[in-house]
Amino acid sequence: MDLEAVKIENLTKRYGKNEVLKGINLTVSDGQFYCLMGPNGSGKTTLTSILASIRDKTSGNISIYGRAPGQARNLIGYMPQENFSSAALTGRENLLYFAGLMGYSSREAAKISTGLLKQVGLLDDADKMVSKYSGGMRKRLELATVLFEGIKLLILDEPTTGLDPAARRNFFNLVSNFRKKGITVFLITHIGADAELADMIGLIDNGKIIAQDSPDNLKRNNLQKNTLIIETKIRDERIKKILAVFNRGREVTEAENGYKISSDDIAEDIPPIIRELDSHGFEVIRLESASATLEDVFFKLTGHTCKKTTGGNF
Amino acid sequence: MRQVNSVFIKTIKELYRNKTTVFWTVVWPVIFLFLGIFLFYRADPLSETPTFRAGITISMVVFSLMLSGFSTMPGIIATDRSNGLFLKLRSMPIKQWRDLLGRIFGLLFYVLVSAVLICAIGIVLGARFNLGPGNISVSLGFLVLATLAASGAGIIIGTFVKNINGAVITGVGIAVVSMSLAGVTFPYAFLPGALQAFSRFYPFSSSNAIISFMLSTEAFVGYNPINALQISFTIASSILLFVLSIILYTRFCWKAD
């Protein structure tokens, strides 16, 4: 049987009368990369903070390598969303500070900090003030603060928010390297591309896990294989009604560059779509097919919440 | 001890690298020291005497320590909270009181260095202190006590006022207003009767009076603060403020909810 890094059973959390987590069950195996996705207000940060022993649960069981979160602090490397490193210190000084908090002597801390700076590619910038670091460099420094000896579970709360694609890729390359050492990763993100890297994804909505599977299975089970985007010369509400027939009667999504429908077989669907639109006087100027992404699954399964929190503008 | 030392080093580096903090807690009291000696007390014939100048110097040391404790400490706490550092610390195997102790030692070090600097400038400007062995130790004791009390006040502000600007402004406001009401920055004799009573029992003005009495002259203080009631009340209220701050910080400051 696999060793369980995280086991959560019937976890609930209430703030007064507001029940934020409603009986969460999930298991993360040792060495697994687990990703939790969910819209704003779905409860993912609350769940994460209970896991990181920052907040207390209301009821249920939670264990990290067989221990209660409060007893597993020396096994957890938690990276909150905010840039928690001190801008008034250098990269090296920040690591020395955290090494000291972990109980290392000055000599040990100096040695360990140099090693960590090397691992995250910041050795050359180690003595620069963090205020001079780019967003990506700062995140890598903060990643280093959760990689001290003995840390077995990384909890990363939206670590790539605000980073450019290159910095994001760089960050996850580092995470992948650390995974090879057997570290378990628990990632919270909104970004589908980041979630694709996970072994297992849990979708949380309104305080419940609504789907949990590998990225491929989630896409396979919750979407058609392809998305077809149809761009017409003019936009008209009637186009949505025509396309709904080809979308198995489901509502057609309006994308920035056209109308979006799901299709089992693009080659078979395209000619009748064009014919039908043409017969109603709507000229098709472009067709684009796209593979399903995790963000599509995310929108499909949590769409009602997204509409609520964004006022429908997504 | 390693955890406390780590927080201590971080705190003093952050304090000394913040030019605004250094200006308002060291340079500004030094400017006031010049103004006090060469402008505000000019009309008083006693202002020419070295011990009177020592009194002005000590007031500026207390002015500096109050600003450091009341505004710098909450500023640091609120900044760390805003950066998510407390969430991070809460997930780590560290006790709140160790983090707090490191912060307090950091501030104490900063205040003592500032005090030495202000006193050195005071001496250059003609101040002369009564450096009897008993005078120095009692004065140092009350300086440390006042710093702990000021840290305590700052910790309480930082614990409950979450916004960075709000925490700093609240600290500056309370420090400046209370200093004025208690006569830390101007003569005790000018205070109305009710405020004179307040001045004797407000821990900072009382410590200021005791240190000034020991190291300068009664003429500067305006009364003799060396009596059992005032001394015991000053010690008790300072310790109470400090202990209360530790309790409140460890219970509420790192709270995520």
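Some points to look at:
- Averaging the Cα positions of each part gives two centres, and for the stretch A:60-131 and the stretch B:182-217 these lie 47 Å apart.
- All-pairs Cα distance distribution in the stretch B:1-140, expressed in whole percent, bin size 5 Å: 2, 10, 17, 18, 15, 13, 10, 7, 5, 3, 1, 0, 0
- Over the C-alpha trace of chain B, radius of gyration and Dmax come out as 18.2, 61 angstrom.
- Shielding by partners for peptide A:63-75, expressed as the average number of C-beta atoms from other protein chains within 10 Å of each residue's C-beta, is 1.
- Take every Cα pair under 8 Å whose residues are at least 6 apart in sequence, average their separation, divide by the length of chain B, and the relative contact order is 29 percent.
- Value at 222 nm in deg cm²/dmol, rounded to 500, when DSSP H runs of n ≥ 4 in the protein assembly as shown each add -39,500 (n - 2.57): -16500 deg cm²/dmol
- Convex hull of the stretch B:169-229 built on C-alpha atoms - directionally averaged projected area, nm²: 4.2
- If the convex hull is drawn through the Cα atoms of the stretch A:123-197, its volume per residue in Å³: 99
- Long-range amide H partners of A:GLY77 with built H, under 5 Å: A:LYS152, A:LEU153, A:LEU154, A:ILE155
- Taken over the alpha carbons of the stretch A:1-80 as equal point scatterers, the Debye sum produces base-10 log I(q)/I(0) values at 0.17, 0.22, 0.24 Å⁻¹ of -0.66, -1.10, -1.30.
- With kT/(6 pi eta Rh) evaluated at 25 °C and eta = 0.890 mPa s, and Rh the Kirkwood radius from Cα pairs, chain A diffuses with a coefficient of 113 µm²/s according to Stokes-Einstein.
- Among beta bridges that DSSP assigns inside the protein assembly as shown, antiparallel share in %, nearest 5: 65
- Sorted largest first, the principal axis extents computed over the alpha-carbon atoms of the stretch A:150-190 equal 30, 17, 13 Å.
- On a per residue basis, the stretch A:79-142 carries 42 Å² of accessible surface, using protein heavy atoms and a 1.4 Å probe.
- Most to least accessible of A:HIS190, A:HIS280 (protein chains only, probe 1.4 Å): A:HIS280, A:HIS190
- Intensity falloff of the stretch B:116-257 expressed as log10 I(q)/I(0), Debye formula with alpha-carbon point scatterers, at q = 0.15, 0.17, 0.18 Å⁻¹: -0.83, -1.01, -1.09
- Of interest is the spacing of the C-alpha centroids, which for the stretch A:140-169 and the stretch B:111-180 amounts to 40 Å.
- Annotation for A:LYS180 and A:SER29: the two label points, set 7 Å from Cα along the Cα-Cβ direction, are 2.1 nm apart.
- Relative contact order of chain A, pairs being alpha-carbon contacts under 8 Å that are 6 or more residues apart, as %: 20
- For chain A, the longest principal axis of the Cα atoms and the long axis of helix A:165-179 meet at an angle of about 60 degrees.
- Ordering B:ARG200, B:ARG81 by accessible surface, largest first, gives B:ARG200, B:ARG81; the 1.4 Å probe counts only protein heavy atoms, with every chain in place.
- Here the stretch A:1-71 exposes an accessible surface that is 41 percent carbon and sulfur, computed with a 1.4 Å probe and the other protein chains kept in place.
- Among A:LYS22, A:LYS260, A:LYS111, residue whose mean-square fluctuation peaks in a GNM of chain A (springs only between Cα atoms under 10 Å): A:LYS111
- Within the same chain, lysines fewer than 8 places from A:LYS152 are excluded, and of the rest, those with a Cα less than 19 Å from its Cα are A:LYS7, A:LYS180, A:LYS181, B:LYS88.
- For the pair A and B, the buried accessible area comes to roughly 2400 Å² in total, with a 1.4 Å probe and the value rounded to the nearest 100.
- To put it simply, the accessible area of the stretch B:55-192 at a 1.4 Å probe is 76 percent carbon and sulfur.
- Contact order relative to length of the stretch A:185-267, as percent, for alpha carbon pairs under 8 angstrom and 6 or more apart: 24
- The listed residues A:GLU254, A:GLU231, once ranked by accessible area (1.4 Å probe) with the largest placed first, stand as A:GLU254, A:GLU231.
- At the residue level, A:ARG67 shows approximately 100 square angstrom of accessible surface with a 1.4 angstrom probe and all protein chains present.
- To the nearest 10, the accessible area of A:TYR15 is 80 Å² with a 1.4 Å probe.
- For B:SER180, the accessible surface of its heavy atoms amounts to roughly 50 Å² (probe 1.4 Å, protein chains only, rounded to the nearest 10).
- When its C-alpha radius of gyration is set against 2.2 N^0.38 Å (N residues), the stretch B:77-133 gives a value of 1.79.
- By the Stokes-Einstein formula, at 0.890 mPa s and 25 °C, the protein assembly as shown with its Kirkwood radius over alpha-carbon pairs has D equal to 89 µm²/s.
- Alpha-carbon centroids, the stretch A:1-55 and the stretch B:48-66: separation in whole Å: 58
- Shielded residues, the stretch A:91-109 - accessible-area loss of 20 Å² or more between chain alone and all protein chains, probe 1.4 Å: A:GLU93, A:TYR97, A:PHE98, A:GLY100, A:LEU101, A:MET102, A:GLY103, A:SER105
The values are calculated or read from the model by the stated rules, or taken from the named source; none is laboratory data. Computed from a predicted model, the values in this text were never measured in an experiment. Heads up, the Cβs are rebuilt from the backbone with ideal geometry, glycines too, and the neighbour counts pull from every protein chain shown. All accessible areas refer to the heavy atoms of the entire protein, side chains included, with ligands and DNA or RNA removed. Shrake-Rupley method; radii C 1.70, N 1.55, O 1.52, S 1.80 Å.
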